[in-house]
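Every read-out reported here was derived from the displayed coordinates using simple, explicitly stated rules and does not represent laboratory data. Keep in mind that what you see is a predicted model, and the values were worked out from it rather than measured. Because the Cβ atoms are built from the backbone with ideal geometry, glycine has one as well, and the counts that use them run over all protein chains shown.
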Amino acid sequence: MSTVSLTPAVYAEIRTHGEDTYPHECCGALIGAQSTEGWAIHASVRAGNTRTDSAHNRYQISPIELLKIERKARAKGLSIAGFYHSHPDHPAQWSQTDFEEAHWLGCVYIITAVEHGHAAATNSFFLAGTSEDEKHFEPQQIVIG
Amino acid sequence: MTIFIPTPLRGYTGGKEAVDVQASTVSEALDQLTTNFADLRKHLFTPEGKVRAFVNLYLNDEDVRYLPAKEASEVKPTDTLSIIPSIAGGR
């Protein structure tokens, strides 16, 4: 199983974000650097959820917001390593929608279950594969430190 | 112009996050990019040659889909083209 490294501050922040937007889904980007040991996440960036029509069970980040996040990451010598979002009153497990909408191969997708407003499990999934036809999520171990 | 490559596609540009090309339109820039890095083509285009639906292209700060000339839009050497795969999901 691969690992993803998060600072304690990032881990706390993405869980707090899920509580802040409950009962709606939160979403944001993970900024980090890649090594032979996998992604190390240095920071998270909160993003707006453009799916205001169904924010309790869908999220989408506008591409122009992503573009600005990527520019800032690049200026610091870092990259978009992946994304996080919350599942209000739903398990921290990727859904069919998550899978179909996942296109950042080689990146990290972190999901936090928020139960009755409180962050519960947080799980990470690596989008493996080399093409849309081969892509699949692999569970990852989250290392905090 | 400079084309910025998103994280998932850098494996096809030798790890480069930016690639310089000489082109007069967005379409030419993409052609040159995928000529130089042939493996990128299937990630950016459908078998019919259209840009994949989940691939967003930004000429500087403008979404190419909404430019009057779309991919035929003219570009200058100082312009940037950013490739941004979409991100969405939900429970």
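General observations
- Check on B:VAL75, over 29 Å from A:ASN57 (Cβ atoms), away from every other protein chain (no Cβ under 14 Å), crowded, with 19+ Cβ neighbours inside 10 Å and not small (Gly, Ala, Ser): yes
- Which numbered condition B:ILE83 misses (of (1) within 11 Å of chain A (Cβ to nearest Cβ); (2) more than 26 Å from A:TYR84 (Cα to Cα); (3) assigned to a strand (DSSP E or B)): (2)
- Those residues of segment B:1-41 which are of a type in the set (Gly, Ala, Ser), assigned to a loop (DSSP other than H, G, I, E, B) and within 12 Å of B:LEU81 (Cβ to Cβ), in sequence order: B:ALA23
- Residue list for segment A:95-138, filter: at the interface with chain B (Cβ under 10 Å from one of its Cβ atoms), among the small types (Gly, Ala, Ser) and not in a strand (DSSP E or B): A:SER95, A:ALA102, A:GLY106, A:SER131
- Here the condition is being of a type in the set (Phe, Trp, Tyr), over 12 Å from the mean Cα position of the chain (by Cα) and surrounded by 14 or more Cβ atoms within 10 Å (Cβ to Cβ); of B:TYR12, B:TYR58, B:TYR66, it holds for B:TYR12 alone.
- Any hit, segment B:33-45, residues being surrounded by 13 or more Cβ atoms within 10 Å (Cβ to Cβ), of a type in the set (Val, Ile, Thr), within 16 Å of B:MET1 (Cβ to Cβ) and free of Cβ contacts under 8 Å to residues at least 24 places away in the same chain: yes
- Summed over segment A:69-87, residues that are facing chain B (nearest Cβ under 9 Å) and within 13 Å of B:ALA18 (Cα to Cα) total 4.
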